[in-house]
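One structure below.
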Amino acid sequence: MVLWKQLRKLLRYDGSKLANIDIVNSQPFLSIILLDSDIFDKLNIKGLLSKYNPEFKFSGNISMIENMIKVNSLKDDVVAYKKSVTEGKYYEYFAEILIQKNLIPSEIMDIENDLKRAEEIRGFAKTATFRALFEKVQAKRWCAYVRAFSDCFPNVYAIFQFVKRGNNHKALACMLQRFESNLVLHNVCLDIHENYPQIPLWTIHDSIATTVNNSHIVKEYFIQHLRDIMGIEPQVLCEIWE
């Protein structure tokens, strides 16, 4: 069952309003597992790779991506990507690139309300990013948004493309989704439930909803687990549904 987003403000649990706790620019943030050698090794990401792309059942391909990650970790574009992601400003950063390349539709750029225009631009940058990350390997040939991402983050793009080698274009999305579900369900939610069994929890992809009075606890656990697992503190947003 899918609930129309605009109806969330009407939801109540035992009379209490709900809040949603979410990682800012979550998919780009989680993709750091493929851009940092220490994280890649610590979390055994090569196991995820071989699970979702049979090309990585061969040790040669594992060695190649391990080398790519190590060699490129300090390249300017990789550093810029990770910085914008960890600061929670990636979509705004990439939106500026799209604006410079005149790739944002005029119907968005011409919106008079500043807040509404900024929201729509950010949403467009998010959609463009998802295409760059999850489209087929050949998409760069026909998609200007993918080319813009590749131009801006050439070494990041090369690593993500290598993950999809052998035309396994779903591999990157699947492995990030599995990492995300393990993080949210089997780490954050499980830990909260064991320590605060009375707190109601609902997961929405990479976010967790709870009652407003418990939202600070969920936010603290979210940050703690990501810090412990990835060694990086994320930007986490708490949105009250009202």
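Look at segment 100-120 and say how many of its residues are farther than 23 Å from PHE160 by Cβ and either acidic (Asp, Glu) or in a helix (DSSP H, G or I) (or both).
Within segment 100-120, the first condition is being farther than 23 Å from PHE160 by Cβ, and the residues that meet it are 102, 105-120.
Filter again for either acidic (Asp, Glu) or in a helix (DSSP H, G or I) (or both), leaving 106-110, 112, 114-120.
Going through segment 100-120 one residue at a time, the tally reaches 13.
Quick check, is LEU74 closer than 19 Å to TYR157 by Cβ and in contact with a strand residue (DSSP E or B) (Cβ under 9 Å, 6 or more places away or on another chain)? No; evaluated as a whole, the condition is false for this residue. For segment 138-145, the criterion of being surrounded by fewer than 17 Cβ atoms within 10 Å (Cβ to Cβ), in contact with a Leu (Cβ under 7 Å, 6 or more places away or on another chain) and either part of a helix (DSSP H, G or I) or not charged (D, E, K, R) (or both) is satisfied by at least one residue. So, ILE69, is that one of a type in the set (Val, Ile, Thr), assigned to a helix (DSSP H, G or I) and either within 22 Å of PRO234 (Cβ to Cβ) or in contact with a strand residue (DSSP E or B) (Cβ under 6 Å, 6 or more places away or on another chain) (or both) or not? Judged against the criteria, ILE69 is a match.
Taking the numbered list (1) exposed (fewer than 13 other Cβ atoms within 10 Å of the Cβ); (2) part of a helix (DSSP H, G or I) in turn, CYS174 passes all entries but (1).
If you take the residues of segment 190-242 that are crowded, with 17+ Cβ neighbours inside 10 Å and of a type in the set (Phe, Trp, Tyr), which of them is farthest from VAL24 (Cα to Cα)? Ranking the candidates gives TYR221 first. Return the residues of segment 213-242 that are touching a His at 6+ places or on another chain (Cβ under 9 Å) and assigned to a helix (DSSP H, G or I); say none if nothing qualifies. Passing the criteria: none in range.
Bear in mind that the values in this text are calculations on the coordinates, not laboratory data. This is a predicted model, so every value here is computed, not measured. As a convention, Cβ positions derive from the backbone with ideal geometry for all residues, glycine included, and neighbour counts pool all protein chains shown.
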